[in-house]
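The values are calculated or read from the model by the stated rules, or taken from the named source; none is laboratory data. Computed from a prediction, not measured in an experiment: that's the story for all the values here. FYI the Cβ positions are ideal-geometry reconstructions off the backbone, even for glycines, and counts take in every protein chain you see.
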Amino acid sequence: MDILFKARPFYLDEQRLLKSLQTQKGKKVVSKIKFYHFILALLAGSGFTYLAAMNKDRFWALPFGIAAIFLFAFIVLGPYELYKMRRKNKISLQRLNTIIAKGTVDTCLIQAKRIAVAKEFEDEGDLFIIEYDTDKILYLWDYDYALRKKFPCLQFEIYEEHFFKLFGRLVYPLSERIQPLTIDKKAKWNYIEKMGVPGHLETQNIEFDQLITNIINSA
């Protein structure tokens with residue numbers, strides 16, 4: 001099976017979340033740090049420098065000097081970091097506006113038969129093993145715990161990568177949540193060390209029960 005994405009109109013809850021995200025990103029573009037903050041930092045830094053010099057043989061010289069260093073570092077590095085932050089948020093907001101204006105999202109509809117999950121062993125993420133047809137398996141990694149509480153389910157849509165990175169959702173459930181077959185996380189770890197790590201959204205022609213048996217026997 002090739003993972004084929006097709007465009008569809010937004011659902012109502014997607015529209016609401018995108019609008020909320022648009023508002024949040026719009027506020028981030030307008031930074032709370034203003035020009036006068038740098039003037040205040042310069043005055044305060046100068047003051048702390050003077051106090052440190054006046055108390056150079058006393059205990060207060062060190063804390064006054066440290067405070068002055070941090071304030072001057074803010075003056076020197078702050079504008080560049082502020083520029084990078086504004087630029088990043090502006091680009092992200094532009095992409096979001098483009099998606100909203102388009103009014104559609106690319107998804108891949110999956111009709112699953114059975115699903116197994118192997119929880120992460122260290123920090124590799126949870127692995128969902130999805131039987132979508134006879135002797136056909138789809139691997140789906142949840143690296144960032146982005147799956148909603150209604151997953152796994154037998155009918156769902158997978159978002160295309162760019163939308164997922166912006167929206168923060170990997171799948172959209174279309175049916176009731178099911179109880180998946182649970183695989184021992186140590187068995188999964190041993191199996192992928194031996195056979196290699198399956199790619200995200202990679203498919204494989206293998207019988208579901210045979211694959212699960214192979215993984216369990218790796219424990």
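Within the stretch 81-102, the presence of a residue that is surrounded by 15 or more Cβ atoms within 10 Å (Cβ to Cβ) and more than 26 Å from L21 (Cβ to Cβ) is excluded. Looking at L4, is it part of a helix (DSSP H, G or I) and either on the phi < 0 side of the Ramachandran plot or surrounded by 15 or more Cβ atoms within 10 Å (Cβ to Cβ) (or both)? So L4 does not fit the description; no.
A search for C-beta distances below 6 Å between a residue of the stretch 42-58 that is under 16 Å from A73 (Cβ atoms) and any residue that is polar (S, T, N, Q), counting only pairs 6+ apart in sequence or on different chains, returns nothing.
Please find, among A112, A68, A73, the residue that is touching a helix residue (DSSP H, G or I) at 6+ places or on another chain (Cβ under 6 Å) and either more than 20 Å from G168 (Cα to Cα) or touching a residue at least 24 places away in the same chain (Cβ under 8 Å) (or both).
A68
Which one is farthest from I130 (Cα to Cα), of the residues in the stretch 170-189 that are surrounded by fewer than 17 Cβ atoms within 10 Å (Cβ to Cβ) and not acidic (D, E)? Ranking the qualifying residues of the stretch 170-189, first place goes to K186. Y132 passes every criterion in (1) among the hydroxyl-bearing types (S, T, Y); (2) in contact (Cβ under 8 Å) with a residue 40 or more places away in the chain; (3) crowded, with 18+ Cβ neighbours inside 10 Å apart from (3). For the stretch 107-117, the set of residues classified as assigned to a strand (DSSP E or B) and closer than 19 Å to Q179 by Cα consists of I110, Q111, R114, I115, A116, V117, listed by residue number. Only a single item in (1) modelled with pLDDT of 80 or more; (2) exposed (fewer than 15 other Cβ atoms within 10 Å of the Cβ); (3) farther than 30 Å from Y159 by Cβ is not met by L42, and it is number (1). Any chance the stretch 157-173 includes a residue that's in contact (Cβ under 8 Å) with a residue 24 or more places away in the chain, over 20 Å from the mean Cα position of the chain (by Cα) and within 19 Å of I115 (Cβ to Cβ)? Taking every residue of the stretch 157-173 in turn, none turns out to be in contact (Cβ under 8 Å) with a residue 24 or more places away in the chain, over 20 Å from the mean Cα position of the chain (by Cα) and within 19 Å of I115 (Cβ to Cβ). Please find, among F59, F64, the residue that is over 25 Å from K19 (Cα atoms) and part of a helix (DSSP H, G or I). Exactly one of F59, F64 is over 25 Å from K19 (Cα atoms) and part of a helix (DSSP H, G or I), namely F64. The requirement of being at pLDDT below 75, under 23 Å from the mean Cα position of the chain (by Cα) and over 30 Å from R177 (Cβ atoms) is fulfilled nowhere in the stretch 59-76; no residue meets it. Just one residue in the set T49, T107 is closer than 30 Å to C153 by Cα, surrounded by 15 or more Cβ atoms within 10 Å (Cβ to Cβ), among the hydroxyl-bearing types (S, T, Y) and at pLDDT 80 or above; that residue is T107.
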